[in-house]
Amino acid sequence: MRESSGRTRRAVLAGAGAAVTASLAGCSALPFGDDEATVTGERLSAILDDSPPSIPDRLPVAMDATYLDGVASDLAETLAGVPAPFDADQVPNGAIREQLDDGFETARTALEGADEEPTPWERAASLRRARRETGYVAGGWATIDDGRAIADVRAGGETLRDGLGEFRREWAYLGADPIESVVVNAAIAGLVRSCIGDLNRVLSARERESTTALDVAEADGRLASARGELRDAEHLLDRLREPAGSRDRRETLATAADALVDRVAERRAAAGLDGGAFTAEADREATPAERALRDIRDDVRRDDIREARDAGALPRAVVEAHDALAKIGAVETLRSRVDAGEAIDPASAEDVDAIRTRALEAVEAVHSEGQHPRLDRLQTHSLAAVLGYLDEQLAAVDAGDEIAISRLDWELRDYVRVEAVAGAVDDASAAVARALDSE
């Protein structure tokens, strides 16, 4: 089975550092005991009346609409040159024909969906997914129609490797101010890492006797992804060069990264998070707050921002420090709540409503009242996405169905996690802003 390149909601959760929640679809058919608290789909629908806040673009420097229009136009032109859906004369092998048809439809859907994204950064991400699918189907068709081979894809990868090397030599941590430099260059670094990963897959591809058009298609999809990631990184760096006051902030970022590594270590030690065993398994009797506390605590113990700092990945080190400080603050909040016996042990629809409302209000508060919105959005953007995902899970329960509230354990855990992290974002942003204020 071909690996999907689409943005799944599981990816949204993982990207936000939340545990993956099992789908509720079909769970209404499962039995529950007579003494179990339940909730109906209709009541859940009422709970979801208020939508998560709409968070502005994660990046303080927006990707240019004209640039994104050009990317979309190029992809549409490439797809137009592919005669899908294919017939048996064009692609005799039925299995290959089905895969390429599916790839074409996925590419078309992703391309159309990109125009519906709420921010330029999210539109660019959708276009990168569309680019991979377009490269996949176009490469597969070129193999069948024109004899394209793995060697041809690898040659394209070698050319791209040279371009990537040139970009990395010219890349400086530019920005009109240190915060802009951190946030945008961290995004560029993420694109570069993804490009390297895709490029490695391309360059390691080998022609074998068993190689089919789908193998070439997969390599071409990876090559298209790598090209798109580098192209987007180049565009963002160009955007950073535009303001008159933009300059290299490497020295400031290095000083901040050193200070933040120390600050995170101090906070971890003070919170008792610099050691201890990881949680072996879930406690079925735990409250959502206890589950969330366990998971965030393990995350903090696992993270090590020193690696990014020591590798010279300064923007990433600063962003990871922001994430770590928010999680440590969340641990402190949840630990205090659990120790005081104030954690909700959900036994009614009202409890479900209260847990979700707290999460929603926490994200809305930091979004509307935060003193450092550009840093806050490092967290709030993904937290709002997690809220959207969790709401979709609850909305999947049919209005006429009734489920045990215990079936919502994992969703409620993640709502609590969102609330706790959101409540700690303001302090995390303030700490990072102070560290960056060394110029």
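Return yes when E229 is assigned to a helix (DSSP H, G or I), among the acidic types (D, E) and crowded, with 21+ Cβ neighbours inside 10 Å and no when it is not. In short, yes. Cβ-Cβ contacts under 8 Å between residues 6 or more apart (or on different chains), taken from a first residue in the range 119-141 that is touching a residue at least 12 places away in the same chain (Cβ under 8 Å) and hydrophobic (A, V, I, L, M, F, W, C) to a second residue that is open to solvent by 30 Å² or more (accessible area, probe 1.4 Å) and not in a helix (DSSP H, G or I), are listed as W121/R58; W121/A62; A125/R7; A125/E117; A138/G81; W141/P83. How many residues does the range 362-380 hold that are open to solvent by 20 Å² or more (accessible area, probe 1.4 Å) and among the polar types (S, T, N, Q)? The qualifying residues number 2.
Taken over the range 199-219, the criterion of being buried (at least 18 other Cβ atoms within 10 Å of the Cβ) and of a type in the set (D, E, K, R) is satisfied by D215, E218. Comparison of R222, R239 shows that the only residue that is surrounded by fewer than 20 Cβ atoms within 10 Å (Cβ to Cβ), under 24 Å from the mean Cα position of the chain (by Cα), at pLDDT 95 or above and not acidic (D, E) is R239. Against the list (1) at pLDDT 95 or above; (2) under 30 Å from D101 (Cα atoms), the condition V264 fails is (2).
Being buried (at least 21 other Cβ atoms within 10 Å of the Cβ) and without any contact (Cβ under 8 Å) to a residue 40 or more places away in the chain, is that true of even one residue in the range 315-335? Yes, the range 315-335 contains at least one residue that is buried (at least 21 other Cβ atoms within 10 Å of the Cβ) and without any contact (Cβ under 8 Å) to a residue 40 or more places away in the chain. Out of I196, I150, I144, I179, one residue alone is of a type in the set (V, I, T), surrounded by fewer than 23 Cβ atoms within 10 Å (Cβ to Cβ), within 23 Å of the chain's Cα centre (by Cα) and more than 21 Å from A435 (Cβ to Cβ). It is I196. If you take the residues in the range 84-106 that are outside any helix (DSSP H, G or I) and among the aliphatic types (A, V, I, L, M), which one is nearest to P120 (Cα to Cα)? In this case the residue turns out to be A84. Here the condition is being within 14 Å of A362 (Cβ to Cβ), surrounded by fewer than 24 Cβ atoms within 10 Å (Cβ to Cβ) and not β-branched (V, I, T); of G400, G423, it holds for G423 alone.
On the basis of being among the hydrophobic types (A, V, I, L, M, F, W, C) and in contact with an Asp or Glu (Cβ under 8 Å, 6 or more places away or on another chain), does A399 make the cut? It is true that A399 is among the hydrophobic types (A, V, I, L, M, F, W, C) and in contact with an Asp or Glu (Cβ under 8 Å, 6 or more places away or on another chain). Looking at the range 381-391, can you tell me whether even one residue there is open to solvent by 30 Å² or more (accessible area, probe 1.4 Å) and either on the phi > 0 side of the Ramachandran plot or at pLDDT 95 or above (or both)? No, the conditions are met nowhere in the range 381-391.
Applying the set (1) within 22 Å of E218 (Cα to Cα); (2) outside any helix (DSSP H, G or I); (3) not aliphatic (A, V, I, L, M) to P56 leaves exactly one unmet item: (1). Within the option set A65, A80, being surrounded by fewer than 15 Cβ atoms within 10 Å (Cβ to Cβ), touching a Pro at 6+ places or on another chain (Cβ under 8 Å) and modelled with pLDDT of 90 or more holds for one residue only, A65. Taking each residue of the range 65-83 that is in a helix (DSSP H, G or I) and looking for partners that are among the acidic types (D, E) and open to solvent by 70 Å² or more (accessible area, probe 1.4 Å) with beta-carbon atoms closer than 8 Å, six or more apart or interchain, yields A72/D115.
The values are calculated or read from the model by the stated rules, or taken from the named source; none is laboratory data. What you are looking at is a predicted structure, and each value in this text was computed from that prediction instead of being measured. Because the Cβ atoms are built from the backbone with ideal geometry, glycine has one as well, and the counts that use them run over all protein chains shown. Just the protein is used for accessible areas: all its heavy atoms, side chains included, with ligands, DNA and RNA removed. Shrake-Rupley method; radii C 1.70, N 1.55, O 1.52, S 1.80 Å.
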